[in-house]
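The values are calculated or read from the model by the stated rules, or taken from the named source; none is laboratory data. Quick caveat, the model's predicted, so the values are computed rather than measured. All Cβ positions, even for glycine, are placed from backbone atoms using ideal geometry, and neighbour counts span all protein chains on display.
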Amino acid sequence: MMPDLGKYAVWVLSAYGAALVLIAALVIQSIWRDRKMARMLAEVEMRSVRQDGDRG
Amino acid sequence: MSIWEYANPVRFMRLSDRVLPWLAALSAILMLVALVWGFFFTPDDYRQGSTVKIIFIHVPSAMIAINAWVMMLIASLIWLVRRHHVSALAAKAAAPVGAVMTMIALVTGAVWGEPMWGTWWAWDPRLTSFLILFLFYLGYIALWAAIDNPDTAADLTSVLAIVGSVFAVLSRYAALIWNQGLHQGASLSMDRAEHVADVFYYPLVTAIIAFILLFVTLVILRTRTEIRARRLRALLAREARE
């Protein structure tokens, strides 16, 4: 299944490897930060609603 | 209904929540198809051998690197003229994506250049303008991080986006303007005679569409994060005042 990359195998695999690692890191960091921010915002909004309720 | 209604953060969050899963799935599938097609099912080039397969990541990432800055420029101008917060936050969200795409273009270009040109790097007009574009991305991200007041940060980064657009344009046209250096001209053109061969053309166009979809998906996701971060900051500031 693996194509014969000949004498340039190292270059082609390095280019694809580097690109895929960078794209994966960007996607994972974007999702991780979005989830973290959503969780933090939900906590603060909950606290804010509770405080407003306590004040009547 | 006006397009400006989507500049309302609540409306943007509601719409993007519905669209994002579909966009993410479509970009993942298309990216898989494009890279598998390009890597496994295209022949070697008669001069470049198997290194021609690098085109399927190098060209799309370079196109996104340039056009991400153009998108940031438009969003920044909308912020400066109409003061829509979502547009400023969308520009902020696009910068890390553009920076990573520029880095991919630089790295894959260097890896491609070494066996073909005999060097990793040359102070060629297109390579140099791309490196400067990358530094502009880093400067833009650093400027957002350095200023506490989000409106002031949006104002100053918008000015930086306008200045940096010179290098985004140069990155695209440097090879034509100076007509010198190692880098070739465009791989895709309105003139069919200048195209890469069809066997490379179709997977390349597929890869470009996949990268565009990935960019749009990530910018929408990161804009949502920035909107949440802005709301969080406002709530924490209110708590601190009480």
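The table below gives the values:
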| read-out | value |
| --- | --- |
| Count - residues of region A:7-22 that are more than 17 Å from residue B:35 (Cβ to Cβ) and either of a type in the set (S, T, N, Q) or surrounded by 17 or more Cβ atoms within 10 Å (Cβ to Cβ) (or both) | 1 |
| Members of region B:227-242 that are assigned to a helix (DSSP H, G or I), over 16 Å from residue B:86 (Cβ atoms), of a type outside the set (A, V, I, L, M, F, W, C) and facing another protein chain (nearest Cβ under 10 Å) | B:238, B:239 |
| Candidate set: region B:72-85, residues that are hydrophobic (A, V, I, L, M, F, W, C) and surrounded by fewer than 22 Cβ atoms within 10 Å (Cβ to Cβ); chosen: the one nearest to residue B:135 (Cα to Cα) | B:73 |
| Hey, residue B:224 more than 7 Å from every other protein chain (Cβ to nearest Cβ), touching a helix residue (DSSP H, G or I) at 6+ places or on another chain (Cβ under 9 Å), basic (Lys, Arg) and within 19 Å of residue B:85 (Cα to Cα) or not | no |
| Conditions (1) modelled with pLDDT under 95; (2) surrounded by 14 or more Cβ atoms within 10 Å (Cβ to Cβ): number failed by residue A:4 | (2) |
| Test: residue in region A:29-40 that is in a helix (DSSP H, G or I), surrounded by 15 or more Cβ atoms within 10 Å (Cβ to Cβ) and more than 9 Å from chain B (Cβ to nearest Cβ) | no |
| Test: residue in region B:13-20 that is of a type in the set (Gly, Ala, Ser), surrounded by 14 or more Cβ atoms within 10 Å (Cβ to Cβ) and over 17 Å from residue B:220 (Cβ atoms) | no |
| Residue within region B:36-49 that is crowded, with 22+ Cβ neighbours inside 10 Å, assigned to a helix (DSSP H, G or I), modelled with pLDDT of 95 or more and aliphatic (A, V, I, L, M) present | no |
| Flag if residue B:103 is assigned to a helix (DSSP H, G or I) and facing another protein chain (nearest Cβ under 10 Å) | yes |
| Number of the condition not met by residue B:61 [criteria: (1) surrounded by fewer than 24 Cβ atoms within 10 Å (Cβ to Cβ); (2) among the hydroxyl-bearing types (Ser, Thr, Tyr); (3) touching a residue at least 12 places away in the same chain (Cβ under 8 Å)] | (1) |
| Tabulated pairs, region B:214-242, first among the acidic types (Asp, Glu), second at pLDDT 95 or above, C-beta under 7 angstrom, 6+ apart or interchain | B:226/B:89; B:226/B:92; B:226/B:93 |
| Region A:38-56 - residue that is at pLDDT below 95 and of a type in the set (Lys, Arg) and, of those, nearest to residue B:237 (Cα to Cα) | A:47 |
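A quick yes/no check of all residues on (1) touching a residue at least 40 places away in the same chain (Cβ under 8 Å); (2) part of a helix (DSSP H, G or I); (3) within 12 Å of chain A (Cβ to nearest Cβ); (4) farther than 15 Å from residue B:214 by Cα:
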| position | (1), (2), (3), (4) |
| --- | --- |
| B:52 | yes, yes, yes, yes |
| B:72 | yes, yes, no, yes |
| B:79 | yes, yes, no, yes |
| B:87 | yes, yes, no, yes |
| B:93 | yes, yes, yes, no |
| B:110 | no, yes, yes, yes |
| B:116 | yes, yes, yes, yes |
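Results for (1) closer than 17 Å to residue B:68 by Cβ; (2) among the β-branched types (Val, Ile, Thr); (3) under 22 Å from the mean Cα position of the chain (by Cα), shown as yes or no for each residue.
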{"residue": "B:115", "(1), (2), (3)": "no, no, no"}
{"residue": "B:119", "(1), (2), (3)": "no, yes, no"}
{"residue": "B:122", "(1), (2), (3)": "no, no, no"}
{"residue": "B:125", "(1), (2), (3)": "no, no, yes"}
{"residue": "B:146", "(1), (2), (3)": "no, no, no"}
{"residue": "B:157", "(1), (2), (3)": "yes, yes, yes"}
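To keep it simple, each residue is scored yes or no on (1) touching a His at 6+ places or on another chain (Cβ under 7 Å); (2) of a type outside the set (Phe, Trp, Tyr); (3) crowded, with 18+ Cβ neighbours inside 10 Å; (4) over 26 Å from residue B:230 (Cα atoms).
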residue	(1), (2), (3), (4)
B:106	no, yes, yes, yes
B:127	yes, yes, yes, yes
B:138	no, yes, no, no
B:149	no, yes, no, no
B:156	no, yes, no, no
